[in-house]
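Please read the structure below before turning to the comments.
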Amino acid sequence: MTPETPATPDPTPHRQTPQSPNPPILMKDAMPSTPQPQAAPAPTTATGALPSSEHARTPLDVLVVDDDPGILTTLRLALAAAGCPVRTAASAEEALALLAEHPADLVLTDVRMEGASGIDLVRETRALVPDALCVVMTAFASFENAVAAIKAGAFDYLPKPFSVEQLEHLVGKVATVVALRRENARLRAAGASDATGAGGDWFAGLTAPATLALQTLVERIAPSEATVLLTGETGTGKTALARAIHARSARVGRPFVEVTCTALAESLFESEVFGHVRGAFTGAVRDHAGKFELAEGGTLFLDEVGELSPASQAKLLRFLEDRVIERVGGTRPLRLDVRIIAATNRDLARLCREGAFREDLYYRLNVFECVVPPLRDRPDDIAPLAAKLFRAASVRLGVATGAEGAHDAVASGEGFAPLPQAVLHALLAHRWPGNVRELRNAMERMALLAAGRQPGLADLPDAVRAAAGLPPLGAGGLPQRDDGDDTRLPTLRELEEAHIRRVLATERNMERAAAILGITTVTLWRKRKELGLE
C-alpha cells in the first residue's frame with residue numbers, strides 16, 4: 001500500500017520553525033527506514049527526557065504500531081524515557097495478537113500500513129480491549145482520516161510531523177484519563193464484597209508485591225469483555241475476586257450470577273444453568289430460565305469449572321463461540337449477552353492432557369488467566385487481612401464495640417483497637433494451608449472468644465498456636481497451665497469465665513443471658529466487671 005504523503009512535500013521536514021521550538025519528529029515519508037543517530041536522536045526536553053513526574057503514579061502500558069521500523073524505534077525510545085512500558089508491532093494483525101496476550105492502556109498507531117489500516121485496528125481494539133485508548137498518527141492532519149478514526153472509536157489523533165511537546169501532551173492526557181478510570185473502578189469496587197467478607201475493594205490495604213501485580217492485571221482486564229480464568233488454591237478468594245472484576249467493569253449495574261459446578265448433581269446441572277422447557281423431563285411442568293438467562297447483560301461466574309461434565313463442557317463451549325444457548329429439551333437457540341468468569345483450583349492443562357477436559361474449551365476460557373497467589377506467598381497481606389476479618393466478624397456476630405455506624409467502621413478501622421503484636425506474630429508464623437478462608441475462620445473464632453475485649457493468644461486455634469510454638473489449649477478451650485501439669489483440672493474461676501464467655505458470645509441480651517446462666521442480671525453485670533468482659 002502506498003504510504004500516506006503530504007499534499008505539499010517539504011524538502012526539509014526536520015527544519016525547525018518558530019511555531020515549534022523543538023524539531024518535529026515522526027513523519028514516515030521524511031524519515032530514513034533506519035534512524036541515524038545524528039539525524040533522529042531520541043527526543044528529549046530541556047531535562048533530557050519526556051517529563052514523567054506527573055504520570056509516575058499511572059504508568060501507561062503503550063503499544064506502538066507502524067510498518068516503519070525507524071518510527072517504531074524512535075517512539076519506543078521517547079516513551080520509554082517517560083517511564084512507559086512499550087511494545088511495538090509492525091502490523092495491525094501483530095498488534096491484535098499482542099493485545100490478546102496482554103492489554104494496553106494506549107495504542108498509538110499509524111493510519112496507512114501494509115494490510116489492515118490503523119482505522120481497522122482501532123475498531124478491532126475497541127472490541128477486544130474496550131478500555132484501551134487508541135490514538136492514530138496521520139500525515140499533515142488529514143481531516144478525512146481524523147474523522148474516520150474518531151468515528152471508529154479513537155481517543156485522539158496526532159498530525160505528522162509532531163513535536164516532542166505534542167507527544168508529551170498526549171501522554172499527559174491519556175495518563176489523566178487512565179488514572180481517573182482506575183480511581184472510578186476502585187470506588188465502584190468499594191461496594192462489592194471482598195476477600196474479607198466485610199465489603200469493599202478486594203485489594204484494599206493489601207501491599208504484598210504478588211497482590212499488587214495481580215491488581216495491575218485486574219485493573220486492565222476488568223473493563224474489557226474478555227473471558228477470565230481465575231486459578232489458585234482453595235480458599236484464596238477467587239469468588240470475591242470475580243466480584244471485584246465485575247465491579248470494575250461496565251456491567252457493574254447488571255447481575256452477577258454465581259454457579260458452583262460441584263454443588264449441583266450432574267442430572268440437575270444443565271437444567272439449572274441452561275434452563276429447560278416445559279415437558280423436557282418428568283416434573284418439568286413449566287419453562288425454567290437458567291443461570292445464563294438470569295445473568296443477561298451481566299457476569300456469570302463458574303466456580304470449580306474443572307468439574308464440568310463432558311456434556312456441560314460442550315454447551316459452555318458453544319456459548320463462548322456463538323454466544324447462544326439452548327434450554328434442555330428446547331430447539332430454539334437463545335442469544336445472550338453474558339460475560340464469563342471461571343475459576344478452578346485444578347490444573348486444567350493437565351486435565352486436557354489426560355482427556356478429562358476439552359482442550360478447545362480450555363483455550364476459550366483462558367483468554368486472560370489471573371493466578372491468585374496463596375496466602376503463604378504474600379505474608380505482607382496477613383496483618384491487614386486479619387485486622388479487616390476480625391473487625392468484620394465482630395460486627396457480624398454482634399460483639400463489636402461500635403454501635404451505630406459499626407459497619408462503616410470495618411473499612412476505616414474506627415472504634416477498633418489494632419490486633420496485639422503477639423497475635424500478629426503468631427499469625428505470621430502459620431503457613432495457612434486453607435488460605436484466606438482459614439484466616440477468616442480463625443478471626444471469627446477470635447471475635448467470638450474475645451467477646452468485645454482485646455483478643456489474645458488464647459483465642460487462636462491450636463494449629464496457629466502450634467506454629468508459633470505455643471502449647472495447645474486445654475479442657476474447655478482454656479490454655480493449659482504454665483506449670484506443665486496437663487492433668488490438673490481448670491480452676492472454678494476459669495470454668496466460670498469460659499462458660500460466661502460462651503453464653504455472652506451467642507446471647508447479647510443481658511436478661512436472656514442471665515436466665516441461661518441461672519443468675520440475676522445484676523449478678524451477671526458484676527461478673528462481667530470482675531472478669532473484665534465489659
- Item | Unique match (being closer than 20 Å to Ala250 by Cα, out of contact with any Lys or Arg (no Cβ under 8 Å at 6 or more places or on another chain), modelled with pLDDT of 90 or more and open to solvent by less than 30 Å² (accessible area, probe 1.4 Å)) among Leu133, Leu108 | Leu133
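Could you tell me whether Ala387 is aliphatic (A, V, I, L, M), at pLDDT 90 or above and surrounded by fewer than 19 Cβ atoms within 10 Å (Cβ to Cβ)?
no
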- Which members of region 445-466 meet the condition of being touching a Phe, Trp or Tyr at 6+ places or on another chain (Cβ under 9 Å) and part of a loop (DSSP other than H, G, I, E, B)? Pro455
- Task: Consider only pairs whose beta carbons are under 7 Å apart and that are at least six residues apart or on different chains; among these, list those whose first residue lies in region 198-218 and is at pLDDT below 85 and whose second residue is not in a helix (DSSP H, G or I).
- Result: Gly199/Gly191; Gly199/Ser193; Gly200/Ala190; Gly200/Asp194; Asp201/Ala190; Asp201/Asp194
- Query: Is region 468-480 home to any residue that is touching an Asp or Glu at 6+ places or on another chain (Cβ under 9 Å), at pLDDT 90 or above and either among the polar types (S, T, N, Q) or outside any helix (DSSP H, G or I) (or both)?
  - Reply: no
- Kindly list the number of the only condition in (1) free of Cβ contacts under 8 Å to residues at least 24 places away in the same chain; (2) over 21 Å from Ser91 (Cα atoms) that fails for Val178. (1)
- Message: Looking only at residues that are β-branched (Val, Ile, Thr) and in a loop (DSSP other than H, G, I, E, B) in region 270-298, which one is least open to solvent (accessible area, probe 1.4 Å)?
- Response: Val277
- Check off (1) within 30 Å of Val136 (Cα to Cα); (2) at pLDDT 85 or above; (3) touching a helix residue (DSSP H, G or I) at 6+ places or on another chain (Cβ under 9 Å) for Ala185 and give me the number that stays unchecked. (2)
- Task: Restrict the check to region 418-433 and report whether at least one residue is modelled with pLDDT under 80, under 21 Å from Asp201 (Cβ atoms) and not β-branched (Val, Ile, Thr).
- Result: yes
- Query: What number of residues within region 157-179 are under 20 Å from Asp105 (Cβ atoms), modelled with pLDDT under 85 and touching a Leu at 6+ places or on another chain (Cβ under 8 Å)?
  - Reply: 5
- Query: Only one of Ala97, Ala149 is open to solvent by less than 10 Å² (accessible area, probe 1.4 Å) and in a helix (DSSP H, G or I); which?
  - Reply: Ala149
- Task: Report whether or not Glu404 is within 20 Å of the chain's Cα centre (by Cα) and at pLDDT below 95.
- Result: no
- Message: I need the full set of residues from region 230-254 which are part of a loop (DSSP other than H, G, I, E, B), of a type in the set (Gly, Ala, Ser) and within 20 Å of Asn345 (Cβ to Cβ), in order please.
- Response: Gly232, Gly235, Gly237
- Matching entry among Ala349, Ala356, Ala311 (being part of a helix (DSSP H, G or I), more than 26 Å from the chain's Cα centre (by Cα) and surrounded by fewer than 21 Cβ atoms within 10 Å (Cβ to Cβ)): Ala311
- Message: For region 490-516: of the residues being farther than 19 Å from Leu397 by Cβ, surrounded by 12 or more Cβ atoms within 10 Å (Cβ to Cβ) and not acidic (Asp, Glu), which is modelled with the lowest pLDDT?
- Response: Pro490
- Task: Kindly list the number of the only condition in (1) open to solvent by less than 60 Å² (accessible area, probe 1.4 Å); (2) at pLDDT 85 or above; (3) closer than 28 Å to Gly232 by Cα that fails for Asp380.
- Result: (1)
- Looking only at region 425-450, count how many residues are open to solvent by 30 Å² or more (accessible area, probe 1.4 Å) and closer than 15 Å to Gly469 by Cβ. 4
- Query: Quick one: is Ala80 assigned to a helix (DSSP H, G or I) and either buried (at least 20 other Cβ atoms within 10 Å of the Cβ) or under 26 Å from the mean Cα position of the chain (by Cα) (or both)?
  - Reply: no
- Of all residues in region 111-130, how many are in a helix (DSSP H, G or I), of a type outside the set (Gly, Ala, Ser) and open to solvent by 10 Å² or more (accessible area, probe 1.4 Å)? 6
- List every residue pair whose Cβ atoms sit under 7 Å apart, with the two residues 6 or more apart in sequence or on different chains, where the first one lies in region 79-102 and is without any contact (Cβ under 8 Å) to a residue 60 or more places away in the chain and the second, anywhere, is in a loop (DSSP other than H, G, I, E, B) and acidic (Asp, Glu). Pro85/Asp61; Ala90/Asp67; Ser91/Asp67; Ser91/Glu114
- Message: When you scan region 329-344, do you find a residue that is at pLDDT 95 or above and of a type in the set (Ser, Thr, Tyr), even just one?
- Response: yes
- Message: Can you find, within region 363-377, the residue that is farthest from Gly456 (Cα to Cα) among those that are surrounded by fewer than 19 Cβ atoms within 10 Å (Cβ to Cβ) and of a type in the set (Val, Ile, Thr)?
- Response: Val367
- Among the candidates Leu375, Leu365, residue that is within 20 Å of Glu225 (Cβ to Cβ) and aliphatic (A, V, I, L, M): Leu365
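Those residues that are touching a Pro at 6+ places or on another chain (Cβ under 7 Å) and either acidic (Asp, Glu) or at positive phi (or both), I need them from region 116-150; list them, please.
Matches in region 116-150: Asp131, Phe140, Ala141.
The values are calculated or read from the model by the stated rules, or taken from the named source; none is laboratory data. Note that this is a predicted model, so its numbers are computed, not measured. Here Cβ is always computed from backbone atoms with ideal geometry, including for glycine, and neighbour counts include all displayed protein chains. Calculation scope for accessible area: heavy atoms of the full protein, side chains included, ligands and nucleic acids excluded. Shrake-Rupley method; radii C 1.70, N 1.55, O 1.52, S 1.80 Å.
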